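Each remark here refers to the structure printed beneath this line.
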Amino acid sequence: MYKILAIDGGGIKGVFPAAFLASIEEDIGDKVSNYFDLIVGTSTGGIIALALGLGMSSKEILSFYEQSGPKIFKGNRFFRVLRQIGFSKYSQKPLREALCLYFKDKQLGDCQTRVVVPSLNLETGEVHVFKTAHHERFKRDYKEKVVDVALSTSAAPTFFPTQRSSVGTPLVDGGLWANNPVGTAVVEALGILNWNPGEFDVLSIGCTAEPMSIKWGRKFPLGMGYWAKKSVEAFMKAQSSQSLGTAKLLAGHSHIYRFDPSVEAKRFSLDGINEIQSLRGLGISEARKALPVIESIFFKSIAAPFEPFYKLY
């Protein structure tokens, strides 16, 4: 059986999947990346996917969030909200500096596991997906710097400025179309890697789920003032549901293992650095419950070595 890891976007809430995986590593005594044949992540999940692909431990990734998160999302919350009306809420500089510290000059081609990271091309409106050279058609992305890929997938509109690729393409957060990338992961397995349904299992990790809070929109014919904000919440929920449904339909319900604990409304936010320790604790707690279910499926045998096609170019 092939094994796939898919990780959602969610800003600082990436502490949850990082802690979840770090807890599993502590129990199995090995890096989780050694056990997966394909790792797919969007936005903050893309940063985690890239780090895992490069062979970093989940403990190192969790440390990245704990140490760098407060620097990336620093500043007065009230003034940040005012700034967000006309400009991106945060500067890209602290995020870039933190990523450079951890990834240095590594390229996507340095990944030891197949990695897929979604982004969006603002010039054309088309999806832009960074991929390791795990197919003979993928002849360019492996040269991309990991820092640039991470900035592209996490450039959330209103939070961070648009990222320009090495050739000048304007790219933003892949969460605009694949915040939950489990469907993308299954399509990659079936359509590109030619793995058949029943030949692979998928571990999908979210960044906590909140209930829908569109109360007034259900009762009254409200307009732009209300839906400008609520529409984002609606399409994010819908995208995740659609992605998970697609994955289960194509791969088989019994082959998708999803962990995304429900929390109360507004419990955590994309830049809520004051809740880092709570997210860490929740990740460890959920991993403790999940491991007896998934250990024999995902963590009993090491994945086969990944041989990228770029070595043939």
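Residues that are of a type in the set (S, T, N, Q) and within 28 Å of Gln67 (Cβ to Cβ) were ranked within the stretch 273-313; the one that is modelled with the lowest pLDDT is Asn274.
For the stretch 118-158, the set of residues classified as in a loop (DSSP other than H, G, I, E, B) and either at positive phi or open to solvent by less than 40 Å² (accessible area, probe 1.4 Å) (or both) consists of Gly125, Thr132, Ala133, His134, Phe138, Glu144, Ser154, Ala155, Ala156, Thr158, listed by residue number. Here Phe159, Phe138 are screened, and the one residue that is closer than 14 Å to Gly10 by Cα and touching a Phe, Trp or Tyr at 6+ places or on another chain (Cβ under 9 Å) is Phe159.
Annotation: Ser243 fulfils all but one of (1) of a type in the set (S, T, N, Q); (2) open to solvent by less than 60 Å² (accessible area, probe 1.4 Å); (3) touching a strand residue (DSSP E or B) at 6+ places or on another chain (Cβ under 7 Å); the unmet one is (3).
Scan the stretch 107-115 and give yes if some residue there is within 20 Å of Leu21 (Cα to Cα), open to solvent by 40 Å² or more (accessible area, probe 1.4 Å), of a type outside the set (Phe, Trp, Tyr) and part of a strand (DSSP E or B), otherwise no. Yes, the stretch 107-115 has at least one match. Candidates are the residues of the stretch 262-304 that are within 30 Å of Val187 (Cα to Cα) and free of Cβ contacts under 8 Å to residues at least 60 places away in the same chain; the one that is surrounded by the most Cβ atoms within 10 Å (Cβ to Cβ) is Val263.
Yes or no: Gly252 on the phi > 0 side of the Ramachandran plot, surrounded by 15 or more Cβ atoms within 10 Å (Cβ to Cβ) and not aliphatic (A, V, I, L, M)? Spelling it out, Gly252 is indeed on the phi > 0 side of the Ramachandran plot, surrounded by 15 or more Cβ atoms within 10 Å (Cβ to Cβ) and not aliphatic (A, V, I, L, M). Residues of the stretch 201-234 that are surrounded by 13 or more Cβ atoms within 10 Å (Cβ to Cβ) and part of a helix (DSSP H, G or I): Gly217, Tyr226, Trp227, Lys230, Ser231, Val232, Glu233, Ala234.
The values are calculated or read from the model by the stated rules, or taken from the named source; none is laboratory data. Just so you know, these numbers come straight off a predicted model, no measurement behind them. Virtual Cβ from ideal backbone geometry, glycine too; neighbours counted across all protein chains shown. Note: accessible area is taken over every heavy atom of the protein model, side chains too, but ligands, DNA and RNA are not part of it. Shrake-Rupley method; radii C 1.70, N 1.55, O 1.52, S 1.80 Å.
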